Every structure is written in structure tokens, then in C-alpha cells.
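K.L.:
What follows is a single structure, and I will ask about it in a moment.
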Amino acid sequence: MSVAAIVPAYNEERTVGVVLETLLNCPSVDEVILVNDGSTDGTAQVGSNYPVTVVNLEVNLGKGGAMKAGADQTDCDVLVFIDADLVGLRTEHVEALLQPVLSGLTEMSIGVFSDGRPSTDLAQKLAPSLSGQRAVTKALFNQVPHLEESRYGVEVALTRYAERHGVEIAKVPLPALSQIVKEEKLGFAKGLKARMEMYKDIIKSLADVDGE
């Protein structure tokens, strides 16, 4: 099965280059797609330095819209979504995340941080369904409704849909991997506000899925 790695990114010029470079070195990845989600920094310019497809969205659609835009750019059988703000990403992480799907064991796997930063480790242990590191068949991804409108609720929407349709999701440990949290990127006040907006998107997505 062919694999496309999709990186949704909004103002991630500091870290996205290393993420793209790692994905380009993954043996199982056939195509790398960076979705620049209306960034106002140099995210797109950084992406243009690598042999990847760069999808530039004129306005910020949110994570769900960016992921859907990336998926629409490829005919690959399997999609692996990787956040642009990761610290410590290695090819082994991506290969481990893909293995359950490529082997036919399941149609979806999610990555769970371990042995990295305590704050990000704890968040994913408490709510692994919110992990942005995820492999999924394109066929299953395309079945999930309203992803383009889900913004930060996209991971919940994907997880709930899979669970409701009998897909046993594989949880894959991703040791020594972490990410830069919003408060570090934006400062405490702006970061906290962005986090509250994220939680609102998640709650809305939960209501939408449960109301189907």
C-alpha cells in the first residue's frame, strides 16, 4: 500500500523543517504533503526548501480543514498525519505508527507520547484520542463526515467514527517524542486563549458526532 504523510501547519516555521526532513527519510512514506493553513510566518517558505508538495490555504481553515485538504491532494492508500510542532521525531516513530495499518491489523492507529516531556505525556495518557499522530486508510478517512468543519475537533471525530464502525484502533507508543505547547508558542495569555478555543472545537465535535 502507498503512503502519504500529511503535515497540517499553522505558523510552525521553527519546527516544520525538521519534521519534513524526517518524513522524507521514512522508508514506508511515498509522498509528503505540507498543508500551510493560512500561516502568517515563513512556514510555506520553509516547506518550499524540501521536495514535498506544499498546499497553501489562503485562509486558516483549522486543523480538520487542513487535514482534509491534504488528503484531497493524494491517491495514496494510507494517510499518516504528523503535527508540525513535534520535537524529537524520528523515522522509527513514523514506521511504528504505520505498521498496524500497513500490516492489515487495523484501519487506524494513533500515537501516544511516552518518556518525553511530562506535560505532553500526561495529556496523551489521559486522552489518547486527541493525538495528532495518526495513520488511517484513505478509504476510512473519506467516510468521516464534516471533517473540513471540525477544526481542532478532528481527532475526536476520527476516533469516534472509527469506534462506532467497529474499527479497533491500535495505540502505538512514541517514546521520547513531544511537542511545543500553545503557551510556549504564544505566551501564557494568548496560549491559554488558543487552548480554550481548541477545547471548544473538541466539545462541538463531540456533540456533532454524538448527534449523528
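The values are calculated or read from the model by the stated rules, or taken from the named source; none is laboratory data. Predicted model, so just to flag it, every value in this text is computed and none were measured. Neighbour counts are summed over all protein chains in view; Cβ atoms, including those assigned to glycine, are modelled from backbone coordinates with ideal geometry. Note: areas computed on protein heavy atoms with side chains; ligands, DNA, RNA excluded. Shrake-Rupley method; radii C 1.70, N 1.55, O 1.52, S 1.80 Å.
K.L.:
Tell me yes or no: at least one residue of the stretch 51-72 is of a type in the set (Val, Ile, Thr), in contact with a strand residue (DSSP E or B) (Cβ under 8 Å, 6 or more places away or on another chain), surrounded by 16 or more Cβ atoms within 10 Å (Cβ to Cβ) and under 20 Å from Ala139 (Cα atoms).
P.N.:
No, the conditions are met nowhere in the stretch 51-72.
K.L.:
Could you run through the stretch 2-31 and say how many residues are out of contact with any Gly (no Cβ under 9 Å at 6 or more places or on another chain), under 14 Å from Val54 (Cβ atoms) and open to solvent by 10 Å² or more (accessible area, probe 1.4 Å)?
P.N.:
Residues meeting the conditions: 3.
K.L.:
Mind checking which residues of the stretch 83-98 are of a type in the set (Asp, Glu) and within 20 Å of Val35 (Cα to Cα)?
P.N.:
Residues satisfying the conditions are Asp83, Asp85.
K.L.:
Next up: Considering only the stretch 5-12, I want to know if a residue exists there that is over 13 Å from the mean Cα position of the chain (by Cα) and more than 24 Å from Thr137 (Cα to Cα). Even if it seems obvious, please write down each step before you answer.
P.N.:
Of the residues in the stretch 5-12, the ones over 13 Å from the mean Cα position of the chain (by Cα) are 11-12.
Of the ones still in play, those that are also more than 24 Å from Thr137 (Cα to Cα) are 11-12.
Yes, the conditions are met somewhere in the stretch 5-12.
K.L.:
In the stretch 129-156, which residue that is open to solvent by 10 Å² or more (accessible area, probe 1.4 Å) and among the hydroxyl-bearing types (Ser, Thr, Tyr) is modelled with the lowest pLDDT?
P.N.:
Per the stated criteria, the residue is Ser129.
K.L.:
Looking only at residues that are part of a loop (DSSP other than H, G, I, E, B) and touching an Asp or Glu at 6+ places or on another chain (Cβ under 6 Å) in the stretch 32-50, which one is most open to solvent (accessible area, probe 1.4 Å)?
P.N.:
Here the residue is Asp41.
K.L.:
Anything in the stretch 119-128 that is open to solvent by 40 Å² or more (accessible area, probe 1.4 Å) and at pLDDT 55 or above? List them, or say none.
P.N.:
Answer for the stretch 119-128, where residues must be open to solvent by 40 Å² or more (accessible area, probe 1.4 Å) and at pLDDT 55 or above: there is none.
K.L.:
Looking only at the stretch 38-47, which residues are in contact with a strand residue (DSSP E or B) (Cβ under 6 Å, 6 or more places away or on another chain), closer than 23 Å to Asn25 by Cα and not aliphatic (A, V, I, L, M)?
P.N.:
Of everything in the stretch 38-47, those that are in contact with a strand residue (DSSP E or B) (Cβ under 6 Å, 6 or more places away or on another chain), closer than 23 Å to Asn25 by Cα and not aliphatic (A, V, I, L, M) turn out to be Thr43, Gly47.
K.L.:
(1) surrounded by 14 or more Cβ atoms within 10 Å (Cβ to Cβ); (2) small (Gly, Ala, Ser); (3) at pLDDT below 75: which one isn't true of Ala162, the others all being true?
P.N.:
(3)
K.L.:
Then there is this: Determine which single condition Gly104 fails, assuming it passes every other condition in (1) within 16 Å of Val172 (Cα to Cα); (2) touching a strand residue (DSSP E or B) at 6+ places or on another chain (Cβ under 9 Å); (3) not polar (S, T, N, Q).
P.N.:
Of the numbered conditions (1) within 16 Å of Val172 (Cα to Cα); (2) touching a strand residue (DSSP E or B) at 6+ places or on another chain (Cβ under 9 Å); (3) not polar (S, T, N, Q), the odd one out for Gly104 is (2).
K.L.:
Also, I was wondering about something else. Report every pair of residues separated by at least 6 positions or lying on different chains whose Cβ atoms are under 7 Å apart, first residue within the stretch 33-47 and more than 18 Å from Gly65 (Cβ to Cβ), second of a type in the set (Val, Ile, Thr) and surrounded by 22 or more Cβ atoms within 10 Å (Cβ to Cβ).
P.N.:
The qualifying pairs are Val46/Val16.
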